[in-house]
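FYI, it's all coordinate maths here, none of it is from the lab. Being a predicted model, the structure only gives us computed values, none of them experimental. Here Cβ is always computed from backbone atoms with ideal geometry, including for glycine, and neighbour counts include all displayed protein chains.
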Amino acid sequence: MMDSTPTDLISTTEAQHLLGISRPTMARLLKDEVIRHFPNPIDRRVKLVSKAEVEALKPKRAEAA
């Protein structure tokens with residue numbers, strides 16, 4: 001079975017900066033599964049997200065603003 005974990009993972013903090021959003025907004029996007037998250041293999045408390053998924057949201061967030 002293929003592993004579906006993306007290879008371009010970044011921290012949620014990096015994703016927040018790319019999108020220009022607050023921490024609570026990022027938490028809501030993760031909770032609502034707008035962005036998939038993956039556990040960090042080194043520290044399971046840390047969530048990682050795909051940079052490609054974050055970049056794909058940038059145009060949508062710009063239109064909503």
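Going by how many other Cβ atoms sit within 10 Å of their own, how do V49, V34, V54 line up, fewest first? Let's see the in-between values first.
Working: V49 25, V34 12, V54 22.
If I rank by nearby Cβ atoms, fewest first, I get V34, V54, V49.
Return the long-range amide H neighbours of V46 (sequence gap of 5 or more, or a different chain), with a cut-off of under 5 Å between placed amide H atoms.
HN-HN under 5 Å from V46: N40.
To the nearest 10 degrees, how steeply does helix 51-64 sit against the main Cα axis of the chain, on a 0 to 90 scale?
20
What percent does the relative contact order of region 9-64 come to when contacts are Cα pairs within less than 8 Å and at least six residues apart?
RCO, region 9-64: 42 percent.
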